[in-house]
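Since the structure comes first, as structure tokens, the remarks are kept for the end.
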Amino acid sequence: MKKLCILFAVLALLAACSSTIEPPAPESDVATLDYTQFAGKNLGVPTGNLADQVILNSISATPVYFSDLSVGLAALRNGTIDGFVTDLSIVRVMAGANDDLQAVPIPAEYFAGPLGAFSAEQAIVDSFNAFLVELEASGTLAEMQNRWLEGVPASPMPDIASTGENGTLTVATTGDGMPFSYSGADGTLTGYSIELALRFAASEGKTAEFVTMDFAGLLPFVSGGGADLGIDAVTITEERAGLVLFTEPIYYDLLGIILLCLFNQ
């Protein structure tokens, strides 16, 4: 069965932070993409995502904002928008889980952004950074990235025990961004960012307590003291670093687009 896909490409220029975590290598099945031909198109984007400026300034298209990814995908399927732009890891997983969707990665030279956890408390950031160093040295971080971020997640969340002798770590997240933070089949939060938060809480002798909200509300909520830690798929930028304290990168992501495909025999 052959896929004939409507293609939309996005460029972004973003100053990248230094990190030992390398960006993923895009593997597009599309040889050439000319983003300039898509001026005037309607491209969906999560509210608060950096891609809205890419859509406006790089291709003169119109960003259409969605607070929920599932609503954005519904709009793509009914023809309200022509494509949906978000983090490449999310794009790849959604395309892998849905036969009617196609992923097109954007080359790293146009967009490469470090994702970080964040807090209003320096002590929490320092502890999280030390935790990341240990996780990377043990090989656990690489194993997690391979399990969650390379295709459709197939493994369940590992059992991460915590006695909670030091209390509770409140964690803000969206809960709707596979493969970083989403609800599993049983309704329990799961994903790469969720596993990181659970492991960090356990390393601190605490129990993780999650608070879910729209993506745009994460930074204001954490900066105002609503949660000890925020974690999802949040790109570190200078502007955002003026609102919260970021950890070292938890992953280095690219930008991608979700396309609706037509199937022909």
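The values are calculated or read from the model by the stated rules, or taken from the named source; none is laboratory data. What you see is a predicted model, and the numbers here were worked out from it, not measured in a lab. Virtual Cβ from ideal backbone geometry, glycine too; neighbours counted across all protein chains shown. Protein only, heavy atoms only, side chains kept; ligands, DNA and RNA dropped before computing areas. Shrake-Rupley method; radii C 1.70, N 1.55, O 1.52, S 1.80 Å.
Annotations for the structure displayed:
- In the set G205, G187, G226, only one residue is open to solvent by 10 Å² or more (accessible area, probe 1.4 Å), in contact (Cβ under 8 Å) with a residue 24 or more places away in the chain and part of a loop (DSSP other than H, G, I, E, B); that residue is G226.
- Residue that is least open to solvent (accessible area, probe 1.4 Å), among those in segment 229-250 that are assigned to a strand (DSSP E or B) and in contact with an Asp or Glu (Cβ under 8 Å, 6 or more places away or on another chain): T235
- Scanning segment 126-154 for residues that are outside any loop (DSSP other than H, G, I, E, B), modelled with pLDDT under 95 and not hydrophobic (A, V, I, L, M, F, W, C) yields E143, Q145, N146, R147.
- The residues listed here are S70, S89; of these, the one that is closer than 11 Å to L254 by Cβ, among the small types (G, A, S) and either at pLDDT 85 or above or not in a loop (DSSP other than H, G, I, E, B) (or both) is S89.
- Check on T62, modelled with pLDDT of 70 or more and not charged (D, E, K, R): yes
- Where V211 falls short, out of the listed (1) closer than 24 Å to E134 by Cβ; (2) of a type in the set (A, V, I, L, M, F, W, C); (3) surrounded by fewer than 23 Cβ atoms within 10 Å (Cβ to Cβ): (1)
- Residues located in segment 69-78, provided they are in contact (Cβ under 8 Å) with a residue 40 or more places away in the chain and open to solvent by 50 Å² or more (accessible area, probe 1.4 Å): S70, R77
- Considering residues of segment 95-125 that are part of a helix (DSSP H, G or I) and modelled with pLDDT under 85 only, the residue surrounded by the most Cβ atoms within 10 Å (Cβ to Cβ): G96
Let's see how each residue does on (1) under 27 Å from S223 (Cα atoms); (2) without any contact (Cβ under 8 Å) to a residue 24 or more places away in the chain; (3) not small (G, A, S):
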position	(1), (2), (3)
G40	no, yes, no
V54	yes, no, yes
F84	no, no, yes
V91	no, no, yes
A103	no, no, no
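- Taking the criterion of being at pLDDT 95 or above and touching a strand residue (DSSP E or B) at 6+ places or on another chain (Cβ under 9 Å), the residues of segment 218-239 that qualify are L218, L219, F221, V222, S223, G226, A227, D228, L229, G230, I231, D232.
- Within the set M157, M178, the sole residue that is modelled with pLDDT under 90, within 14 Å of the chain's Cα centre (by Cα) and either loosely packed, with under 12 Cβ neighbours inside 10 Å or of a type in the set (A, V, I, L, M, F, W, C) (or both) turns out to be M178.
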